[in-house]
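In what follows, a single structure is set out as C-alpha cells and then discussed.
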Amino acid sequence: MRTLAPPAAPAPARVLLPDGSAKTVVDITRNDNGQIVLHIDGGSAYRADRCERVDTSRVTDARQAARRAARAIQAGGDISQAADELGDALRYLAQADPDTFEELTAGAPRVTIETPRLGVIPGDILHHHGARLTVLDTAVSTIDTPQWWADVLGVTAKDRQATYRAPWRTGISVDYAAWDTVTVERAVPAFPA
C-alpha cells in the first residue's frame, strides 16, 4: 500500500482591510451571528464582508514591469515615467506578494524623485517635516472620507528625534494627496543582465 503525501496547504490569502492596508489571512471562522470573520496575521480580526481580496494573479507581470522600469532608470535620462512605473509595480507587489517586494527592494540603491503624495509606496524614504522617514505602509482609507495615509519611522536617530521615536501615521485628504508633490528616495532593484 502506497502512502500519499498530504495535499499542499493553500497559499495564505491577502486582503485589503477597511483602512486600505493589505494583510495576510491566517484563519477564517464564523461568529455567533453567522458572519465570516477573517483572522489577520498579527492577531486582529475583521468581518469578511468589510474586506476585499487582493488580486495576486499579476505578480509575474509586476516583477517584469519592475525590471523594465529599473533598467530604464539605470540607463539615465528623464526617469520620471520609469520611476512612476516602478512605483506602480512595487506598490502592487507590496500588497500582493510581500516576499517578492522585500527580495527586490532590500539593500537596493535609491534614486531621488518628486512624486504626488498618492505615488508614495512602502519602502520609499519620504522627505517630510525636515526629516527622512521610512515609509512602512501606505494606503487610502475609505472608512469615512477618503484619506491617504502612510505609517512612517525616522531613518536615523536624529530623524526620529525630530519627529517621533516610534512608528507613526501621517495622512491627508485624497484630494490634496493627488497633487501635493513630495520628495522620496525610491529603491531601484538590481536585476541580473
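The values are calculated or read from the model by the stated rules, or taken from the named source; none is laboratory data. Remember, predicted model here, so these are calculated numbers, not experimental data. Heads up, the Cβs are rebuilt from the backbone with ideal geometry, glycines too, and the neighbour counts pull from every protein chain shown. Ligands, DNA and RNA are excluded from the accessible area calculation, which covers all protein heavy atoms including side chains. Shrake-Rupley method; radii C 1.70, N 1.55, O 1.52, S 1.80 Å.
The residues of region 25-66 that are open to solvent by less than 40 Å² (accessible area, probe 1.4 Å), within 18 Å of Glu102 (Cβ to Cβ) and in contact with a strand residue (DSSP E or B) (Cβ under 6 Å, 6 or more places away or on another chain) amount to a single one, Val54. Considering (1) in contact with an Asp or Glu (Cβ under 9 Å, 6 or more places away or on another chain); (2) more than 18 Å from Val182 (Cβ to Cβ); (3) assigned to a loop (DSSP other than H, G, I, E, B), the lone condition that Tyr92 does not fulfil carries the number (3). So, Gly123, is that one surrounded by 14 or more Cβ atoms within 10 Å (Cβ to Cβ) and assigned to a loop (DSSP other than H, G, I, E, B) or not? Yes, satisfied.
Does at least one position in region 3-23 carry a residue that is at pLDDT 90 or above and exposed (fewer than 13 other Cβ atoms within 10 Å of the Cβ)? No: zero hits.
Among Ala72, Ala48, which is the only one that is within 18 Å of Leu16 (Cβ to Cβ), modelled with pLDDT of 90 or more and more than 15 Å from the chain's Cα centre (by Cα)?
The match here is Ala48.
Consider Asp78 carefully, then state whether it is surrounded by 15 or more Cβ atoms within 10 Å (Cβ to Cβ), charged (D, E, K, R) and either within 25 Å of Pro192 (Cα to Cα) or touching a Lys or Arg at 6+ places or on another chain (Cβ under 9 Å) (or both). Talk me through it step by step, then tell me what you get.
On the way: surrounded by 15 or more Cβ atoms within 10 Å (Cβ to Cβ): no; charged (D, E, K, R): yes; either within 25 Å of Pro192 (Cα to Cα) or touching a Lys or Arg at 6+ places or on another chain (Cβ under 9 Å) (or both): yes.
Here the answer is no, as Asp78 does not meet what is asked.
In this structure, Thr183 qualifies as touching a Ser or Thr at 6+ places or on another chain (Cβ under 7 Å), among the polar types (S, T, N, Q) and touching a residue at least 12 places away in the same chain (Cβ under 8 Å). Has region 132-151 got at least one residue that is β-branched (Val, Ile, Thr), closer than 27 Å to Ala66 by Cβ and touching a Phe, Trp or Tyr at 6+ places or on another chain (Cβ under 6 Å)? There is at least one residue in region 132-151 that is β-branched (Val, Ile, Thr), closer than 27 Å to Ala66 by Cβ and touching a Phe, Trp or Tyr at 6+ places or on another chain (Cβ under 6 Å). Scanning region 147-169 for residues that are open to solvent by 20 Å² or more (accessible area, probe 1.4 Å) and not in a helix (DSSP H, G or I) returns Gln147, Asp151, Leu153, Val155, Thr156, Thr163, Tyr164, Arg165, Ala166, Pro167, Trp168, Arg169.
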